[in-house]
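The values are calculated or read from the model by the stated rules, or taken from the named source; none is laboratory data. What you are looking at is a predicted structure, and each value in this text was computed from that prediction instead of being measured. All Cβ positions, glycine included, derive from the backbone under ideal geometry; neighbour counts span all protein chains shown.
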Amino acid sequence: MGSPKITVDYTKCGDGVGIDPRGCTKCLRACDPAIFLMHETIGVEQDRYDPQLWRVTPVWLSLCTRCMKCVSACPLGAISVEG
Amino acid sequence: MCDWCSKHGAGGKWYMNARNYSDELAKRENMEAYLTEQWCSFEQVYIRKIMGISSIDIGHKLQMPIIGRVLRWQAERMIHSESKNRNPVRADGHFGQVIPLEDAKVILGNLAAEPIIENYCMCRWMQRGVKEACCINFGALSGVIEKLPRFIPKDNVYRIDREEAMRRIEKHNRKGYVASVWFQPVPYINAICSCENPECGGLRLRNDFGLKTVYKAEYVASIDPDLCQGCKECVSMCQFGALRFIPSLGRVMVDLNKCFGCGNCRHSCQHDAISLLPRQQFPSLGY
């Protein structure tokens, strides 16, 4: 079985909308294999020493067990797991 | 000893060579500029491109028939790069080795270039959103990290002297965190981390994808079968799943192929049954 497709809806979380992922981190902490990465948003002008816009990207997809803990942990319903 | 010892160890272990810590080396190679570029956007290191291919889901890509092998070759080349045009935002030339507490104390007590700081761990921050002050950095890297507010602890003194650094690494070690020393970039040494699985980026790439970002220590654990009482305390200390309780024998055994030689298991043993042996005594094990 290949890696699942995990989508974070950035119109609900990250980049200055919804809850600041830095103050939430529920998906990061819910995931047993820690497949999520929290990072500064790329492609927007930011203070390079103290960036304020952050988002979460699922990076280690092959380690995902499809347990769906991230989907239930997200207070904004921003995460979906398919495949 | 590992390959990097013969290359940068001046006859001993690479991380025991004072030259690799020197301000003179940092200055000559303009390490401050490299480290600033690297650390300003370090959280993006897992989403950078390798050969034009996004590193997202690298575990799957490394399994692909031909592309996977080329990708692995290129990733290893980047990790161990000593070339002049290393890319700091990909952290080229940044890799390390697990070390036991004794070696970490020798480094912090004698070799590390001042100033020494203890800042929030990058890996736990980007993988879990946790801010934990357990990363000890020194030399030219200290001034670079001090410019980045997200890594500077607010409730703790972060500029520390050698004695305090040795006390803190011991505290982290006894908690179960694995000490590791880092080239950043090779041959400049400026960090001793206190790592855990699977949050640590280095251990992640090594354990889950087989990339040599972290080498095993110059040691392996050994349990004296006469002294071990089978209490299993050590089993939960091991970050690498290298210790196993054998019910029929009533004692714990080490899987030498999994042991990274950090020596943390020793902290939990009430019976003094665990010691470290030189990895060299076991030629089949590798690093």
> Which number in (1) in contact (Cβ under 8 Å) with a residue 12 or more places away in the chain; (2) over 16 Å from the mean Cα position of the chain (by Cα) marks the one condition that B:Pro149 misses?
Replying inline: (1)
>> Regarding region B:84-94, can at least one residue be identified that is over 25 Å from B:Glu196 (Cα atoms) and touching a Lys or Arg at 6+ places or on another chain (Cβ under 9 Å)?
In response: yes
>> So for region B:54-70 (the condition being at pLDDT below 95 and within 22 Å of the chain's Cα centre (by Cα)), does at least one residue qualify?
In response: yes
> How many of the residues making up region B:185-222 are of a type in the set (Lys, Arg) and within 14 Å of another protein chain (Cβ to nearest Cβ)?
Replying inline: 2
> Taking region B:204-236 as the region of interest, how many residues are touching an Asp or Glu at 6+ places or on another chain (Cβ under 9 Å) and more than 30 Å from B:Ala75 (Cβ to Cβ)?
Replying inline: 2
>> With the requirement that a residue be within 10 Å of another protein chain (Cβ to nearest Cβ), surrounded by fewer than 14 Cβ atoms within 10 Å (Cβ to Cβ) and touching a Leu at 6+ places or on another chain (Cβ under 7 Å), what does region A:1-49 give you?
In response: A:Tyr49
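Applying the selection to region A:50-65, what residues are surrounded by 13 or more Cβ atoms within 10 Å (Cβ to Cβ) and farther than 14 Å from A:Val17 by Cα?
Residues satisfying the conditions are A:Pro51, A:Thr57, A:Pro58, A:Val59, A:Trp60, A:Leu61, A:Ser62, A:Leu63, A:Cys64.
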>> Suppose we keep only residues that are exposed (fewer than 13 other Cβ atoms within 10 Å of the Cβ) and outside any strand (DSSP E or B) within region B:40-79. Which one would you say is nearest to the other protein chains (Cβ to nearest Cβ)?
In response: B:Met64
